[in-house]
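Only one structure is covered here, and it is reproduced in the block below.
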Amino acid sequence: ALSLRSAIDVEATLQKKLPEAQVVMNGEAGNLAEVLSALWGHVCTLIREGKARSIVAAFPNVKALQSAMATNRLMGHFDVCKDVCDSFGTEVIIIVHTLGDGQAPGFEVKRLRDKEEGDGWDDWDDDDDWTGSDMMEKYKDILNDTEQTDEEKEFEKMVAVPKDDKDILLKTRDWVNVIISDMGICPFSQSADKAGLPVGGVHYPVSRVKTCEECYEVYWREVNYLISSPEKDVSTTLLIIPEFAIQNVEGFTSFTDTLTHPLEPLGIEKLIQLVYFHPQWVFRDGADRMGDQSAANFARRSPFPMINILRTKQVRLAQKSIPTGLVYTQNEETLNEVGADKLQRMLVDRNWDEMADKRVDRRYNKLGKIAQMLMDTDGVPPEEVKAALDQQIADLEAEREASRRSPSPPQGGEAPPPPDSQPGGAEGRRF
């Protein structure tokens, strides 16, 4: 850790260099997740304030920032984020200030100008051509047609967000219990409270963020919480963001692409992997062949938008233990048995009581039985058990291959490519 004297010198140097700025020393920060959470927090502060000023943040004890290459990669991530943000990159920017060899730089978060009162759409004149009496008369039939179609009513119901966080958490946990755990969509989920390899707790933070900038701050804070927590206490995190892009799955996936982007260049993929959920989720490259209502998509259709933050070590162990393709194929078969229409109705109603009798019996379900044995041994079974598990997996793969070569196509049509071929690290592998 940097000495108190050195920290004081860093603060003095930055204050001298930027006398008008507020200097914030983050001496307790020790990793890039904390850096990113803090910087996005400053971005959000300046957006809310609406006043032109600068905050300079220093992270003297984050060793990764002492490398110019790492700093450049960090700034590269911020450049990617500009594409999906409303204010960051236009109203608020980040500037790097070097402090010398072997020292972490300072990061100036700067709002370029004061927010103007009444800027944006509200500036339009009520008497302009778009809202004038002639235009209103011309389109009065369309404007007065307020009757909703059945599809519109269903969509409106599906994207409605409860006002109470307790309701959101209850619906989410019900969904995890029934769809993810009881139906075996994630072989390594025992319940809404226990999952992973080894088995640990599941963390459910609920955040009402609405903008990308706010979501970045909350997301990186939760990343740091996960990697800083004991594995048995928090095996995985399911970050619930009910008011973020719930009506726009394309906007949601554009945002999540920017979360996937920094995993490799910043070395964060060694710690975490990500899986995303949304009420309108469609597997990439699968929609053309399966249709956006294919039952297989419901493995990732949740009551609210969510980001699942997983421990890389657990994902790798799960992949090594059970091939991803086997999990995906079984999920497709399980969901096809229920049917897309029924799954959609339950999702819209946020009620899965109809599935009370669909719990997978791990004693007889081959993949479930293998997963349970692995969880019982924290993923490290005795040699004789491991040999038996390897043989069971080999038999399952042979069965799947024989089924795939069968001239009769499986119900639901051709499946999308296995998740290993999709960007996003752990996509499709676990909840």
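Only residues of the stretch 8-39 count here: report those whose backbone N is under 12 Å from the spot 7 Å along Cα→Cβ of residue 51, or say none. What the label zone holds, given the 12 Å backbone N cut-off, is 22. Sorting the segments 263-272, 210-219 by their mean number of nearby beta carbons within 10 angstrom, highest to lowest, gives 210-219, 263-272. A Förster radius of 35 Å, combined with the Cβ-Cβ distance separating residue 341 from residue 79, puts the computed FRET efficiency at roughly 0.20.
Annotation: extensible slack from residue 157 through residue 229 equals 22.2 nm (criterion: 0.36 nm per residue apart, minus Cα-Cα distance).
Output the pairs from 210/313; 17/110; 232/313; 166/194 with a Cα-Cα distance over 21 Å in this structure; if there are none, say none. Violating the 21 Å Cα-Cα cut-off are 210/313.
First measure r as the distance between the Cβ atoms of residue 402 and residue 243, then evaluate 1/(1 + (r/R0)^6) with R0 = 51 Å and state the FRET efficiency to the nearest 0.05.
0.60
Here each label is just a point 7 Å from Cα along the line to Cβ, and for residue 208 and residue 148 those points are 2.2 nm apart.
Starting with the highest mean, order 18-30, 327-339 by the number of other Cβ atoms within 10 Å, averaged over the residues of each peptide.
327-339, 18-30
Over the stretch 215-346, the fraction of Cα-Cα pairs per 10 Å bin, rounded to whole percents and listed from the shortest bin up, is 11, 37, 37, 14, 0.
The residues of the stretch 1-52 have, on average, 54 Å² of accessible surface per residue, using a 1.4 Å probe with all protein chains present. Explain nothing, just the number: relative contact order of the stretch 143-286, from Cα pairs under 8 Å at least 6 residues apart, as a whole percent. That works out to 19 percent. What is the calculated FRET efficiency for residue 250 to residue 116, with r their C-beta to C-beta distance and R₀ = 30 Å, to the nearest 0.05? E(calc), rounded to 0.05, equals 0.50. Packing, taken as the mean count of other beta carbons within 10 Å per residue, orders the peptides 308-321, 186-199 from highest to lowest as 186-199, 308-321. Put a dot 7 Å past the Cα of residue 28, heading toward its Cβ, do the same for residue 191, and the two dots end up 3.4 nm apart. In the context of the full set of protein chains, the stretch 136-241 has a per residue accessible area of 49 Å² (1.4 Å probe). Expressed as a whole percent, the accessible surface of the stretch 195-318 that belongs to carbon and sulfur atoms is 47, based on a 1.4 Å probe. Any idea what the relative contact order of the stretch 1-107 is, in percent, if you count C-alpha pairs under 8 Å spaced at least 6 apart? Computed over the stretch 1-107, the figure is 30 percent.
The values are calculated or read from the model by the stated rules, or taken from the named source; none is laboratory data. Predicted, not measured: the structure shown is a model, and the values here were computed from it. Here the Cβ is made from the backbone with ideal geometry for all residues, glycine too, and neighbour counts use every protein chain on show. Note: accessible area is taken over every heavy atom of the protein model, side chains too, but ligands, DNA and RNA are not part of it. Shrake-Rupley method; radii C 1.70, N 1.55, O 1.52, S 1.80 Å.
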